[in-house]
Amino acid sequence: MDIKTVGILGGGTMGNGIAHVFAKSGYSVLLCDVEPKFLERALATISRNLDREVAKSKLTAGEKEAALKRIQTSTDLAGFKNCWLIIAAVTAKFDTKAEVFRQLDSLVPQEIILASNTSSISITRLAAQTRRPKKVVGMHFFNPVPMMKLVEVIRGLATSDETFQAVRDLAQKLGKTPVEVNDAPGFVSNRVLMPLINEAIFAVMEGVATPEAVDEVFKLGMAHPMGPLTLADFIGLDVCLDIMRVLQSGLGDPKYRPCPLLIKMVDAGWLGRKSGRGFYKY
């Protein structure tokens with residue numbers, strides 16, 4: 001399958017990062033969101049991030065401009081009819097994703113691949129919302145997308161070999177390293193990472209150590225580039241909580257229960273970097 005035009009639904013942190021990578025790699029991109037202001041913000045972010053690459057001599061100014069010209073924006077899902085692949089990068093809640101997949105399935109031809117940039121939601125369940133389960137796959141990019149090499153490519157129960165191979169090959173053409181993962185709550189990355197973050201939050205709640213001390217232990221003792229609480233703030237505490245709840249409900253093991261402090265902070269609107277306050281102030 002020759003994928004030339006890619007649709008991306010959602011212009012937030014992950015969506016604009018994915019659009020950036022595809023456009024820089026020579027693909028035409030249709031970036032869609034519900035309001036023009038979100039799309040304007042996404043394009044401004046992509047432009048700034050491309051400028052950083054120019055400043056580091058990773059791109060020329062001409063290559064930056066060419067990449068930006070490959071990105072078209074729209075608030076109308078109907079434009080996705082001309083895309084070979086559509087990646088949904090919307091909120092990590094099943095009901096929202098499911099409704100998006102039902103809409104896309106009814107709008108676009110059956111040969112188009114529908115992918116979810118999801119960190120925990122079941123690809124099998126999403127595929128079941130459509131009439132094309134063989135054409136549904138997970139592409140879990142990592143933030144910041146332009147810098148991070150890994151893409152978890154997730155097979156749903158019905159994902160065909162052809163679909164999986166096409167998406168894996170595409171990830172390689174983007175300069176990413178695809179890793180095959182079967183559909184399970186949290187896949188590999190978040191099934192391991194989120195309980196670590198959750199346990200770090202328990203250590204703070206129980207007075208074992210301050211957030212600064214917990215992070216220093218992991219940076220100095222385990223050579224992590226950032227501590228788990230700094231990382232949680234970067235990811236978004238609401239996202240961390242959503243993923244812990246997916247793990248708890250999907251695996252049915254009490255060890256995945258979200259820390260009460262995490263729940264309290266999200267209830268207070270302390271979501272990390274994006275809200276200006278989490279375990280640290282920004």
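The values are calculated or read from the model by the stated rules, or taken from the named source; none is laboratory data. If you're wondering where the values come from, they're calculated on a predicted model, not measured in any experiment. When we count neighbours, we look across all protein chains shown, and the Cβ atoms used for this are built from the backbone with ideal geometry, even at glycine. Surface areas here come from the heavy atoms of the whole protein model, side chains and all, with no ligands, DNA or RNA. Shrake-Rupley method; radii C 1.70, N 1.55, O 1.52, S 1.80 Å.
Among residues of the stretch 258-276 that are without any contact (Cβ under 8 Å) to a residue 24 or more places away in the chain, those with a beta-carbon under 9 Å from a residue that is part of a loop (DSSP other than H, G, I, E, B) and among the aromatic types (Phe, Trp, Tyr) at least six positions away or on a different chain give the pairs Lys264/Trp270; Ser275/Tyr282; Gly276/Trp270; Gly276/Tyr282.
Read through the list (1) in contact with a strand residue (DSSP E or B) (Cβ under 9 Å, 6 or more places away or on another chain); (2) open to solvent by 30 Å² or more (accessible area, probe 1.4 Å); (3) within 30 Å of Ser249 (Cα to Cα), then give the number of the only condition that Lys93 fails. If we test Lys93 against (1) in contact with a strand residue (DSSP E or B) (Cβ under 9 Å, 6 or more places away or on another chain); (2) open to solvent by 30 Å² or more (accessible area, probe 1.4 Å); (3) within 30 Å of Ser249 (Cα to Cα), just (1) comes out false. Sort out which residues of the stretch 138-178 are more than 28 Å from Lys274 (Cα to Cα), open to solvent by less than 50 Å² (accessible area, probe 1.4 Å) and among the basic types (Lys, Arg), and write them in order of number. Arg155, the sole residue that qualifies.
If we scan the stretch 119-137, do we find a residue that is part of a helix (DSSP H, G or I), open to solvent by 50 Å² or more (accessible area, probe 1.4 Å), of a type in the set (D, E, K, R) and over 27 Å from Gly186 (Cβ atoms)? No - not one qualifying residue is present in the stretch 119-137.
State all residues of the stretch 224-250 that are among the aliphatic types (A, V, I, L, M) and open to solvent by less than 60 Å² (accessible area, probe 1.4 Å); if no residue qualifies, say none.
Within the stretch 224-250, Leu229, Leu231, Ala232, Ile235, Leu237, Val239, Leu241, Ile243, Met244, Val246, Leu247 qualify.
Looking across Asp215, Asp183, one residue alone is over 18 Å from Gly17 (Cβ atoms), touching a Leu at 6+ places or on another chain (Cβ under 6 Å) and either buried (at least 17 other Cβ atoms within 10 Å of the Cβ) or in contact (Cβ under 8 Å) with a residue 60 or more places away in the chain (or both). It is Asp215. Screening the stretch 1-117 for helices (runs of 4 or more DSSP H) wholly inside it with 1 or more residues that are closer than 28 Å to Val239 by Cα returns the ranges 13-24, 36-55, 94-107.
Annotation note: Cβ proximity below 8 Å between a residue of the stretch 45-69 that is surrounded by 11 or more Cβ atoms within 10 Å (Cβ to Cβ) and a residue that is among the β-branched types (Val, Ile, Thr) and not in a helix (DSSP H, G or I) (sequence gap 6+ or interchain) occurs for Ile46/Ile71; Val54/Thr60. When residues in the stretch 260-282 are screened for being of a type in the set (Ser, Thr, Tyr) and either under 19 Å from Asn198 (Cβ atoms) or surrounded by 12 or more Cβ atoms within 10 Å (Cβ to Cβ) (or both), 2 of them pass. Residues in the stretch 194-211 that are without any contact (Cβ under 8 Å) to a residue 40 or more places away in the chain, assigned to a helix (DSSP H, G or I) and either touching a Pro at 6+ places or on another chain (Cβ under 8 Å) or more than 28 Å from Leu150 (Cβ to Cβ) (or both): Leu196, Ala200.
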